[in-house]
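Structure first, then comments.
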Amino acid sequence: MKILVVGGAGYIGSHMVKKLAKAGNDVITLDNLSYGYRDAVKYGEFVEGDLGDDSVLDSIFKTGDIDAVMHFAGFIQVGESMKKPSMYYHNNVSNTLVLLDAMLRHEVKNFIFSSTAAIFGEPEYTPIDEKHIKQPINPYGHSKLMIEQALDDYDAAYGLRATCLRYFNAAGADPDGELGERHVPETHLIPLILQAASGRREDIKVFGDDYETNDGTCVRDYIHINDLCDAHLLALQKMMKDDQSARYNLGNGKGFSVKQVIDVAKEVSGNDFKVSIEPRRAGDPAVLVADASLAKQALNWQPEFAELKDIVQTAWNWETEFLAKQ
Ligand code: UFG
C-alpha cells in the first residue's frame with residue numbers, strides 16, 4: 001500500500017512511518033516541522049508543507065496512487081488549548097477538514113485519525129469503553145471530538161471510511177533506539193521524570209497528591225508507542241478489508257499512579273532524584289484507564305509492552321543515548 005502520513009515527523013507519526021515502511025508499505029510523510037523533526041523521518045519520502053495547504057495536498061494526491069491517510073498532525077497540549085482555543089480549532093478542526101476535502105477530491109477513502117481519551121472528559125466510570133459518554137472538558141478534547149463527528153457524516157454522505165483511535169497515555173520509545181519522544185516544551189510525565197533521573201532537570205513536580213486514589217496521585221494508562229503503532233496498522237488493514245469505519249480506545253487497561261511511575265523510573269535508571277509535591281494541575285481527571293477489549297478482540301491486537309518497567313526502559317534508553325547527548 002501507499003500511505004500518506006500527515007505529521008510523520010512527530011513523536012507518534014515518526015514511529016508509525018517506521019512501522020509502515022518495515023511492513024513493506026510505501027510511505028510519504030507530510031509535515032510542516034512546526035513541532036516535528038526532519039531527522040525523525042527515517043523512511044520513505046518527505047514533503048515539507050502544511051496539512052491546511054490545498055496546493056501541497058493536491059500535488060501529493062494527484063499521483064493517484066495513495067491508498068490511505070494517517071493523520072498525526074494535531075496540537076496536543078490540554079493547558080495550551082485552554083489559553084489558545086483558536087489555535088486548536090484552526091489546526092485540529094479546520095486544517096483537518098481541508099485534508100479530508102482534498103482526500104475526497106482525489107477519491108482517497110481510507111483515513112486513520114489520532115483521537116484521544118480527552119474526548120470523554122471527566123470519567124463517569126473506569127475503565128473507559130467506547131460507549132462512555134463523550135463530554136470533553138477542554139478545547140483540545142472538543143476539537144478531536146468535532147472531527148470524530150465530522151467523520152461520521154463524511155462516511156454517510158461520501159463513503160469516506162475512518163478509524164478513530166483514542167489514545168490514553170502514549171509513552172516509551174522505539175526499542176531499536178532510532179526514535180523517541182522529543183516534545184518542546186515537554187509536558188508529559190515519563191520524559192520529564194527521566195530528565196530528572198539523568199540530571200537534566202532539577203526535580204520532578206507531582207501535580208497533586210490529594211486525589212481519591214490509593215496514594216493520592218493521578219492514575220493513567222501508559223501504552224507503548226510500538227503497541228500503539230501496531231494497532232494503527234491492524235486497524236487500517238481491517239478497515240480496508242471490511243470497508244467499514246470504526247472507533248477504538250487504545251490503552252493497556254492497567255493504571256499506574258504518578259508515584260508508581262516515579263518508583264519505576266528510579267528502579268530502571270538506578271538513579272535517585274528530587275520529587276516535589278505541587279498543587280493539582282487544572283483539568284486533570286483522577287483516573288484515566290482504557291477498556292481496550294474491543295480493539296483487542298476486533299483487531300486481534302495484544303500489547304507487547306504490558307509492563308510499565310519495559311515501557312520506561314525504552315524511554316530511558318532514548319533519554320540517555322540520544323536526548324542527554326544533544
Ligand atoms: N504530571 C505530573 N507532573 C508533571 C507532568 C505530569 O505530576 O510534570 C501528572 C499529570 O498531572 C497527570 C499525569 O502526570 O496526572 C500524566 O500527565 P501527562 O501530561 O503525561 O499526560 P495527560 O494524562 O495529562 O495527557 C494525555 C495526553 C493528552 C491527552 C490526555 C487525555 O498527553 O494529549 O492524556 O486526557 F489529552
Given the condition among the polar types (S, T, N, Q) and within 16 Å of the ligand (Cβ to nearest atom), answer yes or no: does some residue in segment 304-313 qualify? no
Any residue that is touching a residue at least 60 places away in the same chain (Cβ under 8 Å) and not aliphatic (A, V, I, L, M) - is there at least one of those in segment 21-34? no
Within segment 73-160, helices (runs of 4 or more DSSP H) holding 2 or more residues that are under 19 Å from the mean Cα position of the chain (by Cα) and more than 14 Å from the ligand (Cβ to nearest atom): 96-105, 139-158
Of a type in the set (A, V, I, L, M, F, W, C), at pLDDT 95 or above and farther than 29 Å from D26 by Cβ, is that true of M87? yes
Name the residues in segment 189-209 that are within 13 Å of Q313 (Cα to Cα) and near the ligand (Cβ under 9 Å from one of its atoms), would you? I190, P191, I193
Would you point out the residue of segment 161-173, among those that are farther than 22 Å from V69 by Cα and either outside any strand (DSSP E or B) or modelled with pLDDT under 95 (or both), that is nearest to the ligand (Cβ to nearest atom)? G172
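Which one of these is assigned by TED's automatic domain parsing to the domain that holds T320 and within 22 Å of the chain's Cα centre (by Cα): A231, A235, A290, A196?
It is A290.
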Scan segment 282-321 residue by residue and report those that are of a type in the set (V, I, T) and assigned to a helix (DSSP H, G or I). I311, V312, T314, T320
I'd like the residue in segment 210-243 that is in a helix (DSSP H, G or I) and of a type in the set (D, E) and, out of all such residues, is farthest from the ligand (Cβ to nearest atom). D242
Being surrounded by fewer than 22 Cβ atoms within 10 Å (Cβ to Cβ), closer than 16 Å to A290 by Cβ and without any contact (Cβ under 8 Å) to a residue 60 or more places away in the chain narrows K241, K254, K259 down to just K254
Given (1) within 16 Å of the ligand (Cβ to nearest atom); (2) among the aliphatic types (A, V, I, L, M); (3) at pLDDT 95 or above, where does L294 come up short, assuming only one miss? (1)
Consider A265 against the criteria (1) over 28 Å from I193 (Cα atoms); (2) assigned to a helix (DSSP H, G or I): it satisfies all of them except one. Which criterion is unmet? (1)
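The values are calculated or read from the model by the stated rules, or taken from the named source; none is laboratory data. Treat the numbers as computed from the prediction; the structure is a model and nothing was measured. FYI the Cβ positions are ideal-geometry reconstructions off the backbone, even for glycines, and counts take in every protein chain you see.
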